[in-house]
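The structure under discussion is supplied below as structure tokens; questions concerning it will follow.
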Amino acid sequence: MNRKLTILVLEVDLSGHFSPIDPQETTYCVVTSHRKNYTSLCAAQYDIRSSLAEKQNRFSDEDPSNETDQSKQKSVNNTITQSNKIDVEDSFNVFEENFKSVYRRKKFGRSTKVSNEDPVVACVGDRTHHLIENLDPSTTYFISVFGVARDRRAGSLLATGNVRPRTSTAKRLRENVPYKADIKGKNVYYLKTSSGGSGIWLVVSTCGGSVDIEVSVRGKRLYMAKNIESHSKFYVPPPATSSSIQETSDEGSAQFDSSSEEAKIRYVMRVFPNKWYRDEAVTIELTASTSRWGMSIPELEEDGGTVRELRPRRSCRSVDIAFLPAAHNATDVIRYCIFSREIIDSDITICALTKKSIAKTQCISHMQRPPSRVIVQKVIGLKAGRKYAIQVTASSKGSYVPYKILYVDTNVSCKDEY
């Protein structure tokens, strides 16, 4: 089973840490250790060399006669040392009070997997974004970020922090793609956006009950919506930017980020059922977008999801209903469907999201122009003396928006209707 671990984001203000001679020649190194918090890059490098030397001595003691293998090992080590060297000009000399790099590094990509070796040092060049993977959820890790400039004799400590990975069941949302699920308890979802964004829009549709939803970034709550039943669309503003060490969770592991251009904002949505009508589960459909109209879903006016019955027109086989029209900025035609289901015993649910409980459906296409103040429709094909649940949905090209459920009764007798 794949473990989803905690992510550590170190947001660092790097102004003042660049080389005054050539800011572009600053190399960043990330040190990860489960034993101690390193505040010196030299100390981390020394511990790595000591560990390698100890292994080589142990290898020699175990098989001193194996000169061929020892020669091969020495050759490999020399090759790695040369290939992982940070290139500097020979004119920079430690004896002339100039910096000459003595650091060796593996050629890390955009991510590094921790291993049994401790510490792990990843010098990532001028990149300011790095992912550390394969963390043990039962272990606390210390992570330090250093900047190494050509004119400095040692790496400068830019940021440090610690993280204890934890398992996570957060599900990733893709922008403008609806996610549908039956939930019985707290469920966590997330959406990653660029740091320069202007917030996100969320569309939540439910049936079989109602939910609360909390939206946060790095543990700070940005928005809270309660008792969402049938449908809600709302805007979540972006978090305030700050230069600090923050912690959040991800399916990755640990990463540091010292560049606002490369950073990603991770909006975490926690959904809690607070009322349900059947099977102790609520069906939800959740869609997230960085654009108000990116989801191609019609909008309802505030409290515009109410459907009302025109009682004077009620008959034994039909009822007349009225509701406010939905709106969409990219289409002139919106399609409305009316679902009706007879209520038997205590089962009062109707769910247009799944269509499993729908008995009858009738649909119309309605022009937005000229605008209508209200839409009136007759629901037909009903039985005399019965109770029905009726739900209206509005759709364009994408998913549809459910209105609130209306409960109606048909007339018992049809004698006076002809």
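The values are calculated or read from the model by the stated rules, or taken from the named source; none is laboratory data. The model shown is predicted, which means the values in this text are computed figures rather than measured ones. All Cβ positions, even for glycine, are placed from backbone atoms using ideal geometry, and neighbour counts span all protein chains on display.
I'd like the full set of residues that are modelled with pLDDT of 90 or more, among the β-branched types (Val, Ile, Thr) and over 11 Å from Ala389 (Cα atoms), limited to the range 325-370.
Ile334, Ile364
Could you pull out the residue among Ser194, Ser253 that is surrounded by 19 or more Cβ atoms within 10 Å (Cβ to Cβ), hydroxyl-bearing (Ser, Thr, Tyr) and either modelled with pLDDT of 95 or more or at negative phi (or both)?
Of Ser194, Ser253, the one residue that is surrounded by 19 or more Cβ atoms within 10 Å (Cβ to Cβ), hydroxyl-bearing (Ser, Thr, Tyr) and either modelled with pLDDT of 95 or more or at negative phi (or both) is Ser253.
I would also like to ask the following. Which residue is farthest from Tyr189 (Cα to Cα), if the candidates are limited to the range 271-287 and must be of a type in the set (Ser, Thr, Tyr) and in a strand (DSSP E or B)?
Here the answer is Thr283.
If a residue must be part of a loop (DSSP other than H, G, I, E, B) and of a type in the set (A, V, I, L, M, F, W, C), how many such residues does the range 168-210 contain?
Qualifying residue count, the range 168-210: 3.
Can we say Lys383 is in a strand (DSSP E or B) and in contact (Cβ under 8 Å) with a residue 60 or more places away in the chain?
So Lys383 fails the test.
Also, I was wondering about something else. Identify, from the list Ile334, Ile297, Ile338, Ile344, the residue that is over 17 Å from Lys397 (Cβ atoms), in contact (Cβ under 8 Å) with a residue 24 or more places away in the chain and either among the β-branched types (Val, Ile, Thr) or touching a helix residue (DSSP H, G or I) at 6+ places or on another chain (Cβ under 8 Å) (or both).
Exactly one residue qualifies, and that residue is Ile338.
For the range 268-289, does any single residue satisfy the condition of being at pLDDT 90 or above, under 28 Å from Arg218 (Cβ atoms) and of a type in the set (Gly, Ala, Ser)?
Checked the range 268-289: at least one residue is at pLDDT 90 or above, under 28 Å from Arg218 (Cβ atoms) and of a type in the set (Gly, Ala, Ser).
While we're on this one: For a quick check of your reading of the model, give me the residue pairs whose first member lies in the range 153-180 and is under 30 Å from Val401 (Cα atoms), whose second is among the hydroxyl-bearing types (Ser, Thr, Tyr) and modelled with pLDDT under 85, with beta-carbon atoms closer than 6 Å and at least 6 apart or on different chains.
The qualifying pairs are Pro178/Ser399.
Another question, if that's okay. In the set Gly294, Gly305, which member is part of a loop (DSSP other than H, G, I, E, B) and at pLDDT 85 or above?
Details: Gly294 fails: at pLDDT 85 or above.
That would be Gly305, the only listed residue that is part of a loop (DSSP other than H, G, I, E, B) and at pLDDT 85 or above.
Quick check, is Ser340 closer than 20 Å to Tyr400 by Cα and hydroxyl-bearing (Ser, Thr, Tyr)?
Working: closer than 20 Å to Tyr400 by Cα: yes; hydroxyl-bearing (Ser, Thr, Tyr): yes.
For Ser340, the condition - closer than 20 Å to Tyr400 by Cα and hydroxyl-bearing (Ser, Thr, Tyr) - is met.
Here's another thing I want to ask about it. Given the residues Thr393, Thr331, which is the only one that is surrounded by fewer than 19 Cβ atoms within 10 Å (Cβ to Cβ) and within 37 Å of the chain's Cα centre (by Cα)?
Details: Thr393 fails: surrounded by fewer than 19 Cβ atoms within 10 Å (Cβ to Cβ).
After applying the criteria, what remains is Thr331.
Go through (1) under 30 Å from Tyr189 (Cα atoms); (2) in contact with a strand residue (DSSP E or B) (Cβ under 9 Å, 6 or more places away or on another chain); (3) in a loop (DSSP other than H, G, I, E, B) and name the single condition Tyr336 misses.
All conditions are met except number (3).
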